[in-house]
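Following: one structure in structure tokens, then a few remarks.
The values are calculated or read from the model by the stated rules, or taken from the named source; none is laboratory data. All values reported here derive from a predicted model rather than from experimental measurement. Note that each Cβ is placed from the backbone with ideal geometry, even for glycine, and that neighbours are counted across all protein chains shown.
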Amino acid sequence: MTECVIAEDEQLLRDELVQLLAAAWPELRIVAACDDGAGALEAIARYLPQVAFLDIRMPGLSGLEVAGALAEVSPATQVVFVTAYDQYAIDAFERGALDYLLKPVVPARLAATVRRLKARLASGVADAGALAALLRQLGQAAPPPRAEPLVWLTASAGADTRLIMVEDVAYFQADSKYTVVMTAQGEALLRKPLRELLEVLDPAVFRQIHRSTIVNVKAIASVARDDSGRGVLRLRTRPETLAVSQPFMALFRAM
């Protein structure tokens, strides 16, 4: 049975894609339907699915970044991008002969994509070269406009409320519905989930190293890989080390 991972941050669109795939490809088994790129990357590393449908724009890791890690994590996975992207990206997809779906997904277009996927899976060939070329081309395009990144935040430390400059944060750690903020001075609690924080942090400075951890790359002193492929980060301003999920190690080579 063919297995598949879906990544789409909008629940209604994610549920709709699951339903459309059930109709267009009944024998397809969806092993994970993720709401962000980090979850998708970890699911792909776990299940090694034959197919992945990846939304391009998601909080934290984008679909493009997830696809870029597949050469190490799951090279045989066939990728279909789901996008509301601009015409530049659509032209790139067409020239690269890689599959994409425009939002909202149209059943007829999905059916054609399913036919092509089945043919490629039957041939046993994943065109990693075409995917790499597409990612390079899209990487050269001007990124879509986004809000100015967060500069400072307020977080609770016991009975006190601290004003913290974001550049002083060593890392953020998910804690139920909230987020622990770690600086050289200690920890504080931010009443915002990690998922929302990803949308306002500067992606050039803050990177996910685990589904529940975001690190300031300027705070990293060193990174090492153990025999299992997992990484360990040492920090400049904190004594503890941070674990890097094995799939996320593939992203460090692009930094």
Original post:
Is there a residue being more than 22 Å from Ala157 (Cα to Cα) and over 20 Å from the mean Cα position of the chain (by Cα) anywhere in the range 193-202?
Top reply: no
Original post:
Counting only residues that are among the hydrophobic types (A, V, I, L, M, F, W, C) and not in a helix (DSSP H, G or I), how many does the range 12-58 have?
Top reply: 14
**OP:** Go over the candidates Leu61, Leu70 one by one and state the one that is at pLDDT below 95, crowded, with 22+ Cβ neighbours inside 10 Å and part of a loop (DSSP other than H, G, I, E, B).
**Re:** Leu61
**OP:** Would you check which residues across the range 162-185 are of a type in the set (Phe, Trp, Tyr) and in contact (Cβ under 8 Å) with a residue 60 or more places away in the chain and list them?
**Re:** Tyr171
Original post:
Would it be correct to say that Ile214 is touching a residue at least 60 places away in the same chain (Cβ under 8 Å) and assigned to a strand (DSSP E or B)?
Top reply: yes
Original post:
What's the number of the condition Pro49 fails, among (1) out of contact with any helix residue (DSSP H, G or I) (no Cβ under 7 Å at 6 or more places or on another chain); (2) at pLDDT 95 or above; (3) over 17 Å from Ala250 (Cβ atoms)?
Top reply: (3)
**OP:** Hey, could you check the range 90-112 for residues that are surrounded by 18 or more Cβ atoms within 10 Å (Cβ to Cβ) and not in a loop (DSSP other than H, G, I, E, B) and say which is modelled with the highest pLDDT?
**Re:** Leu110
**OP:** Restricting attention to the range 185-201, report how many residues are in a loop (DSSP other than H, G, I, E, B) and acidic (Asp, Glu).
**Re:** 1
